[in-house]
Amino acid sequence: MEHLFNPGLFDTVVATMAILAVVVFVALHKVEAAYGMTYSAKWGPSVNNKAGWIAMEAPAFLAMLAIWILSPRREEFAPAVMAALYLIHYFQRSFIFPLLMRGKSRMPWAIAIMGMAFNIVNAYMIGGWLFFVAPEGMYSNGWLRSPQFIIGSMVFFAGMAINMHSDHVVRHLRKPGDTRHYIPRKGMFRYVTGANYFGELTEWLGYALLTWSIPGLVFALWTFANLAPRARTLHARYIKEFGSEYSALGRKYIIPFIY
């Protein structure tokens, strides 16, 4: 398996992903990703939203687990801890979050397949760095006492809490059988339209810090490139639907007080 993570190939993938993040950020200001509140049948065949989320997110969990198990560094404690943090996130996103969804929304297969590919490549970058590419001895047990790891972990778990609470707020906006849209007003929704996206972005910024790695930073960049335009689209949708009632709230798109 080591040949999949030779430095030349690995660096090329990471650099390509960094460039693509910028391309995707620009493209998503012109093309609306059609899932959730912005679902559109124009994107072709679709699948139940729950099944779509599992299909899209589970490859990240499975790919990281496979890289960990097959790695010669699989018994090293610090990389295992950092991989476990990644797996905790994706276990929740793959197998818990979808089952908590309400309603009968659908997801285009095109979105699900693109998500699968994106998640597999990200698992390749993060897992490959932790278990194959990082300099030998960089992640000794002492790394877990470093300022980068401690502060990064705090940021990571704060982001996870924001993300999960925001999802909870959205799930409980409607009563069973209700299909209307409502303005979320609790938690970080008081400051941004995409509070759940802000939570996820915070998570991966924390992860970039706790791993102190270029792949971690590229993953955080991708998170912003993917979710910031989405938050902006949802912001426009809320203003279109609720008018001045929403615009008067003065919320930003995804980063409180900034963007």
| In segment 151-205, what trypsin sites (Lys or Arg not before Pro) fall in a loop by DSSP, with at most 11 other Cβ atoms inside 10 Å? | ARG180, ARG185
| Helix 109-128 versus the longest principal axis of the chain: what is the Cα-based angle in degrees, 0 to 90, to the nearest 10? | 30 degrees
| Which angle from 0 to 90°, rounded to the nearest 10, does the C-alpha axis of helix 77-91 make with the longest principal axis of the chain? | 20 degrees
| Built amide H within the under 5 Å cut-off of VAL47, gap 5+ | MET107, TRP109
| remark: Along segment 198-207, Karplus-curve 3J(HN,Hα) (6.51, -1.76, 1.60; θ = phi - 60°) to the nearest Hz, with x for Gly and Pro, reads 4, x, 5, 4, 4, 3, 7, 5, x, 5
| remark: Reduced to Cα centres, the span from segment 213-259 to segment 133-168 in Å works out to 24 Å
| request: Could you pull out the longest piece of the chain with no exposed loop GluC sites (Glu not before Pro) in it, calling a site exposed if DSSP puts it outside H, G, I, E, B and it has at most 13 other Cβ atoms within 10 Å? | output: 137-259
| field | Highest to lowest packing among 109-118, 84-93, scored as the average C-beta count within 10 Å | value | 84-93, 109-118
| task | Determine the sum of side-chain charges near TYR90: Lys and Arg each +1, Asp and Glu each -1, restricted to other residues whose C-beta is under 14 angstrom from that of TYR90. | result | -2
| query | Hey, if you put +1 on the Cβ of every Lys and Arg and -1 on every Asp and Glu Cβ in the chain, which of ALA158, MET64, GLY127 ends up farthest toward the positive end of that dipole? | reply | ALA158
| Proxy reagent accessibility, fewest Cβ within 10 Å first, across MET82, MET1 | MET1, MET82
| query | When the helices in the chain are scored as -39500 (n - 2.57) per DSSP H run of 4 or longer and the sum is shared across all residues, what 222 nm value do you end up with, to the nearest 500 deg cm²/dmol? | reply | -20500 deg cm²/dmol
| note | With TRP53 itself left out, Lys, Arg at +1 and Asp, Glu at -1 over residues whose Cβ is under 12 Å from its Cβ give +1
| Under unit Cβ charges (Lys, Arg +1; Asp, Glu -1), what dipole magnitude, rounded to 20 debye, does segment 45-102 have relative to its Cα centre? | 200 debye
| Hey, of (i) 45, 42, 34; (ii) 56, 40, 37; (iii) 56, 40, 34, which did the structure itself give for Cα extents along the principal axes in Å when calculated? | (iii)
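Read-outs throughout are calculated quantities, based only on the coordinates presented, and are distinct from any laboratory measurement. Fair warning: this is a prediction, and the values are worked out from it, not measured in the lab. Neighbour counts are summed over all protein chains in view; Cβ atoms, including those assigned to glycine, are modelled from backbone coordinates with ideal geometry.
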